[in-house]
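What follows is a set of notes on a single structure, which appears directly below.
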Amino acid sequence: MRSCGDCTACCEGWLSAKELEMWAGKACKHRTKVGCGIYADRPERPCKIFQCGWLNGTLPEDESFKPNQCGAIVLTDRKQAGWAVWRVVPVGRSVPKATLEKIAILAGERQQPFVWSERLENFAEEPWSTSTFAMGPEAFLTDTKWDFGEEDVWDLS
Ligand code: SF4
Ligand code: SF4
């Protein structure tokens, strides 16, 4: 049985939740040094229902895929041009290269399209600004050709 344990990546301000005053670069207002300050009373949405791709079992159980270890939160319920995609959000400025490679191998085995973002150089001043890249089978790339720059997509076939 997987559990978040010492990971608090989704409370740290890499994802956004207006009601928690959490957005890129700003942690949830309830986060403390030792975890959630309102854990028993945390809201149903997003806190109780949110499960990243490691917690929901999409990614291998190996803890090296856990967000606080691998430096990325994988969202597995996203859509892009009608395709079910994984959205890989960096815990920090960018997804570590080793993590991206591991995810690409996994996605390749499953022919699973995925997109990932990278925060820009001036992350400290504009943490919300990102560039987005994609990898997927040829049909996915055809369907999303207007969504990404030509140099920002990779064929997973
Ligand atoms: S990022 Fe995933 S493993 Fe980490 S606290 Fe959130 S749901 Fe749990
Ligand atoms: S309320 Fe608690 S569980 Fe929810 S995002 Fe904030 S710190 Fe995390």
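Where a number appears in this text, it was derived from the coordinates with a stated rule and is not lab data. This one's a predicted model, so the numbers in the text were calculated from it and none came from an experiment. Neighbour counts run over all protein chains shown; Cβ positions are idealised from the backbone, glycine included.
Each Cα pair under 8 Å and six or more residues apart adds its sequence gap; the mean of these over the residue count of the range 9-144 is a relative contact order of 16 percent.
Taking the DSSP beta bridges with both ends in the range 9-144, the antiparallel portion is around 85 percent. Each peptide in 140-151, 32-43, 112-123, 48-59 was scored by the mean count of other Cβ atoms within 10 Å over its residues; highest first, the order is 112-123, 48-59, 140-151, 32-43.
Think of each Lys and Arg Cβ as +1 and each Asp and Glu Cβ as -1; about the Cα centre, that makes the dipole of the chain roughly 680 debye.
The eigenvalues of the Cα gyration tensor, multiplied by 5 and square-rooted, give the chain an equivalent ellipsoid with semi-axes of 27, 18, 14 Å from largest to smallest.
If the segment from Thr142 to Ser129 were pulled out straight at 0.36 nm per residue, it would be longer than the present Cα-Cα gap by 2.1 nm.
Considering only Thr58, Ala40, Asn68, and ranking their Cα positions along the charge dipole of the range 1-75 that arises from unit charges at the beta-carbon of Lys, Arg, Asp and Glu, the one farthest toward the positive end is Ala40. Close amide H partners of Arg78, meaning residues 5 or more places away or on another chain with modelled amide H under 5 Å apart, are Val85, Arg87. Once you reduce the range 118-139 and the range 77-116 to the center of their Cα atoms, the two points are 12 Å from each other.
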